Amino acid sequence: MKSYSIALIPGDGIGPDVTAAAWSVLQTAAKHAGLALAGTEFPWSCKFYRDSGRMMPEDGIETLRGFDAILLGAVGWPAEVPDSVSLHGLLLPIRKAFVQYANIRPHRLLPGVTGPLRAENFDILCIRENTEGEYSGAGGRVHQGTLDEVAVETSIFTRAGVERILRFGFEQARARRGRLASVTKSNAQKYSMVFWDEITRKLAAEYPDVAVTSYHVDALAARMIMAPETLDVVVASNLFGDILTDIGAAIQGGLGYAASANINPDRSAPSMFEPVHGSAPDIAHLGIANPIATIWSGAMMLEHLGETATAGRIMKAVEATTARGIGTTPGKDRTEAITAAVIAALN
Ligand code: GGG
């Protein structure tokens, strides 16, 4: 029997609910396929920070390195731990240490889900650079609390980092409908973003079968709303990608449907799968979080592990569930009921 070891990091707020839901769907699908998924749960979260002063133990990265993949729920409990501390203490170190440089986020409407747009036939794959750019964490503050205070935060764009994410975008476009939108703001940011545009043009010569268009991020944001059906693969820097994929989540009906995969394309370390949404403290412990984004992320995990057919069966079960109107109205169906419906569809 083929077996995979999965590190589970449920995290904070609704994270544990949606992770448990996705895990039970994954277990059902694995059983049908004759696969063994062995999960090891880690309590790393804001609660862990309160108890230990760290978001994960000092050897957390080395502990995770031995797993085939990581499934993460949500991180953040801003009432007690500043978001800048929780994010830089867990999620970002994992993405960087494991060179998960491609954050893949699919945006399409599931059957039965009504988005806010008239357009319904869009299918966009956003690829967010995931290890550098605006999230590099390079900067500092001096003269804190005085009138002379200065805060500096430097975006870092390396040739290796930009080239590999653009190449990944070209490859994805080649495997899909052959269209790539490369996103910058090179009129205003005349060093890093001009650099990005130059590398886009250089790589375009290697991919004559891909139609690449460079957009400014504001124009692309508008296009995602006004004409999303004209987009195929979108590749953007870390921060731009994060913002654009919240638009992507909105047009696909909400964050409850937005899945993501933090991929290490070289497979030199585990990749990590998580819903785009955060811990949603306002609905934590109410049992009404939509688990579909995490279930979809779990399907992306199986696909990355090579279990494409099982991943496809999970997505068919999710689609059958939403087509029946289950999990399509925020707060109407409980997390457990949506999960049970997906499992019933799988069975
Ligand atoms: N699902 C993981 C999570 O909690 N994400 C919330 C978040 O703020 N992520 C930061 C980011 O991806 O930029």
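From (1) touching a Leu at 6+ places or on another chain (Cβ under 8 Å); (2) over 16 Å from residue 122 (Cβ atoms), pick out the condition that doesn't hold for residue 220.
(2)
If you scan the range 152-190, which residues turn out to be of a type in the set (A, V, I, L, M, F, W, C) and touching a residue at least 40 places away in the same chain (Cβ under 8 Å)?
157, 165, 166, 168, 170, 173, 180, 181, 183, listed by residue number.
Return a yes/no flag: does the range 302-325 have any residue that is within 16 Å of the ligand (Cβ to nearest atom), in the same structural domain as residue 46 (by TED's automatic domain parsing) and in contact (Cβ under 8 Å) with a residue 60 or more places away in the chain.
Checking the range 302-325: not a single residue is within 16 Å of the ligand (Cβ to nearest atom), in the same structural domain as residue 46 (by TED's automatic domain parsing) and in contact (Cβ under 8 Å) with a residue 60 or more places away in the chain.
State all residues of the range 56-81 that are away from the ligand (no atom under 12 Å from the Cβ) and either on the phi > 0 side of the Ramachandran plot or in a loop (DSSP other than H, G, I, E, B) (or both); if no residue qualifies, say none.
Hits for the range 56-81 are 56, 57, 58, 59, 66, 67, 68, 79, 80, 81.
If we keep just the residues of the range 1-37 that are in a strand (DSSP E or B) and among the polar types (S, T, N, Q), which is farthest from the ligand (Cβ to nearest atom)?
Filtering the range 1-37 for residues that are in a strand (DSSP E or B) and among the polar types (S, T, N, Q), the one farthest from the ligand (Cβ to nearest atom) comes out as 3.
Across the range 57-100, which residue is surrounded by the most Cβ atoms within 10 Å (Cβ to Cβ) among those that are under 24 Å from residue 291 (Cβ atoms) and charged (D, E, K, R)?
The extreme case among them is 95.
Is it the case, given these coordinates, that residue 43 is touching a Gly at 6+ places or on another chain (Cβ under 8 Å), within 26 Å of residue 295 (Cβ to Cβ) and more than 10 Å from the ligand (Cβ to nearest atom)?
no
Taking only pairs six or more apart or across chains, which ones have beta-carbon atoms under 6 Å, a first residue in the range 191-213 that is on the phi < 0 side of the Ramachandran plot and in the same structural domain as residue 173 (by TED's automatic domain parsing), and a second residue that is part of a helix (DSSP H, G or I) and among the small types (Gly, Ala, Ser)?
210/173; 212/204
Would you confirm whether any residue within the range 299-311 is closer than 18 Å to residue 253 by Cα and touching an Asp or Glu at 6+ places or on another chain (Cβ under 6 Å)?
For the range 299-311, residues closer than 18 Å to residue 253 by Cα and touching an Asp or Glu at 6+ places or on another chain (Cβ under 6 Å): absent.
Check whether at least one residue in the range 90-104 is farther than 21 Å from residue 45 by Cβ, more than 13 Å from the ligand (Cβ to nearest atom) and either assigned to a loop (DSSP other than H, G, I, E, B) or aromatic (Phe, Trp, Tyr) (or both), and report yes or no.
Looking through the range 90-104, at least one residue is farther than 21 Å from residue 45 by Cβ, more than 13 Å from the ligand (Cβ to nearest atom) and either assigned to a loop (DSSP other than H, G, I, E, B) or aromatic (Phe, Trp, Tyr) (or both).
The values are calculated or read from the model by the stated rules, or taken from the named source; none is laboratory data. The model shown is predicted, which means the values in this text are computed figures rather than measured ones. Using ideal geometry, Cβ is built from the backbone for each residue, glycine included, and neighbour counts are taken over all protein chains shown.
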